[in-house]
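Okay, structure first, notes after.
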Amino acid sequence: MNRFSRLFALLAMAVLAGCGKPAFSDAEKKTIASLGLSALPPLKADTSNRFADVPAAAALGATLFFDVGMSGDGKVSCSTCHKIDRQFQDDLPQAVGAGRTNRRTMPLAGVAHDAWLFWDGRRDSLWAQALAPLENPLEQAGNRAAYAHYIKARFGERYERIFGPLPDLSTVPANASPLGSDAEKAAWNAMPAAQAEAVNRVFANIGKAIAAFERSIAPPQTRFDRFAAALATGTQLPQGDDAMSPEEILGLKLFIGKANCVTCHTGPRFTDGSFHNTGVPPVANLPPDRGRMDAVAQVEADPFNCFGAFRDGDASACGELRFMVKAGPELVRAYKTPSLRGAATRAPYMHAGQFSSLDEVVAHYSKAPASVEGVSEVHPLQLSNRERAALVAFLKTLAE
Amino acid sequence: MASLWRYVLAGLGLAALLAGILAAVYLTALQAPQRAEIARSKKTTNGLFVASFEPERGVIRQGELQSWLLTLRTGAGTPVEGAAITISGGMPQHRHGLPTSPQATDYLGDGCYRIDGVKFTMSGLWQLHFAISAAAGSDTVVFNVLL
């Protein structure tokens, strides 16, 4: 008797606890489908770089990306920090090239989908971005005149097959740049305008070749993507290789529900490509960093931006720059939402490597401390230990 | 035994009631944005104009720069020409502004203005505020856009 009733009660509880209820609502299913890799649209043409999809340009770009000759001291290449076997980043809190920088190296999978580059978006195209580390004294620490000479000496024929004849460099100083040392600046200012323009053109083309290569760096499929694809087509919860554990599913539900992560980490790359202050604390001993706030003037002043003389195609490509938000308190300490694909296997996190584990990241969101400057957009979540662990478990499905 | 059955039934009844209430709360919470007023045409705040706001190509695409059309008429139906229009907005539920700063870039005639640089980076409820100033006077209007 007693046993029978207990069994009945158990059964009733099981039914109520959700055996009868589907694992995801239709709204949740729709969101999950929007996060799957199959929702990633094909890469849009970059009309500001007419070499963006030219295979020979991408091949030259790949060579330059891995070539330590592309640096002041012959020791640093893009791949020094963007390591091909480490998701194109370096596992350091702050990148180290010719010197120690103030920010963390960003992984590059799918970067060609973004309108703004760098943590603060101070460049508006992949090709303009590539020019910055080449001359940054803490990164590759070279100068554009030296790069032009190097290209002519090392890759002249390959360059000319893609971009046409190189300019006459015989009277161009060995080292000159408007951004370099005092001597390099003086040498640059002494160059005739047409010569400076010709060197700038070679420099821009270096960026365009590297950008063409970077367009091929795509995010790989993950277990979450298999789960999302199976969920979209099947009537049952995905099984076997496509399965996610109950803990991972709880994490997913939190991510797209109560924890609000999906408001910024949205779409198949888990980023809205936009800038937000999330209250991440600054790192002691680094110079003040106001994120997007200070980047606006920099991208406007960049001679290689979309409005500049080195853009291919017409100005219709420049919508993002034209309609950029230029002022407002929300720009203070706002940083670009990073993609979360692969994040679980590339600690540390945030723009200056502030957190060393996903547990710390999720604890940060749970507490949502106020920002040292500006206003954080995230609000305390008061997640239980179980919920925090579930979110971390879910993030791991995006990295395997 | 009979009394035990009663307890089980009562328990079940209570649990079902609780589930019902939870479901109701959950569903209304989910539906809240859907109930926001998302008319594409309306009177401006002080009734000076009738404004309508539509995506130029008909569909809203998330994460892409788009052009929208703002059409302004007087109450009598005359097209409003030469209006100065400024645009602001954001997502009220997430307390952030617009990711771009849209501008009126063209007058297409017949009271119709092209609003360029509109971008919605995430799904949810967006608000666009228009401040309109024309010969007839100044007024404002807010359009809700649900993605």
- request: Obtain the nm distance between the two label points defined at residue A:75 and residue A:326 by a simple spin-label model: each point lies 7 Å from its Cα along the Cα-to-C-beta direction.
  value: 4.3 nm
task: With unit charges on the beta carbon (Lys/Arg positive, Asp/Glu negative), name the residue among A:227, A:170, A:155 whose Cα is farthest towards the positive pole of the charge dipole of the protein assembly as shown.
output: A:227
- request: Mind checking the per residue accessible area of the stretch B:41-146 for me, 1.4 Å probe, whole number of Å²?
  value: 44 Å²
statement: Here the gain from full extension of residue B:95 to residue B:147, 0.36 nm per residue of separation minus their alpha-carbon distance, amounts to 17.1 nm
- request: Pop a pseudo-label 7 angstrom from the Cα along the beta-carbon direction at both residue A:102 and residue A:86 and give the gap in nm to one decimal.
  value: 2.3 nm
task: Heavy atoms only, probe 1.4 angstrom, no DNA, RNA or ligands counted: give me A:147, B:107 ranked by accessible area, highest first.
output: B:107, A:147
message: Which of the three applies to the protein assembly as shown, rounded, prolate or oblate, going by the alpha-carbon gyration tensor with a ≥ b ≥ c and a/c under 1.5 meaning rounded?
response: oblate
message: Not counting ligands, DNA or RNA, and with a 1.4 Å probe, what is residue A:91's accessible surface area in Å² rounded to the nearest 10?
response: 60 Å²
message: Show me the ranking of peptides A:222-235, B:82-95 by mean Cβ neighbours inside 10 Å, starting with the highest.
response: A:222-235, B:82-95
statement: Rounded to one decimal in nm, the spacing of the 7 Å Cα→Cβ label points at residue A:243 and residue B:40 is 4.7 nm
- line: Honestly the stretch A:258-316 on the Cα gyration tensor test (a ≥ b ≥ c root eigenvalues; a/c under 1.5 rounded, otherwise a/b vs b/c for prolate or oblate) is just oblate
task: Starting from the Cα gyration tensor of the stretch A:131-254, take the square roots of the eigenvalues, sort them a ≥ b ≥ c, and report rounded, prolate or oblate (rounded when a/c is under 1.5, otherwise prolate if a/b is larger than b/c, else oblate).
output: prolate
- prompt: What accessible area per residue, rounded to a whole number of Å², is obtained for chain A using a probe radius of 1.4 Å?
  reply: 46 Å²
For the protein assembly as shown, with +1 on Lys and Arg beta carbons and -1 on Asp and Glu, the positive-most of A:397, B:144, B:134 along the dipole: A:397
message: I'd like the residues of the stretch A:324-351 whose 1.4 Å-probe accessible area shrinks by no less than 30 Å² going from the isolated chain to the full set of protein chains.
response: A:325
task: Kindly state, to the nearest 0.05, the FRET efficiency for residue A:221 paired with residue A:373, given R0 = 35 Å and r defined as their beta-carbon distance.
output: 0.35
Residue-averaged [θ]222 nm for chain A, counting only DSSP H segments that reach four residues, each worth -39500 (n - 2.57): -12000 deg cm²/dmol
task: Would you list the membrane-span-like helices of chain A, meaning whole DSSP H runs whose alpha-carbon atoms span at least 27 Å along their axis and whose mean Kyte-Doolittle value is at least -0.5?
output: A:193-214
- line: In the protein assembly as shown the accessible area split gives carbon plus sulfur, as whole percent at 1.4 Å, a share of 58 percent
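The values are calculated or read from the model by the stated rules, or taken from the named source; none is laboratory data. Bear in mind the structure is a predicted one, so any value in this text is a computation, not a measurement. A quick note on method: Cβ atoms are made from the backbone with ideal geometry, for glycine too, and the neighbour counts reach across all protein chains shown. Heads up: the accessible areas ignore ligands, DNA and RNA and are worked out on the full protein's heavy atoms, side chains in. Shrake-Rupley method; radii C 1.70, N 1.55, O 1.52, S 1.80 Å.
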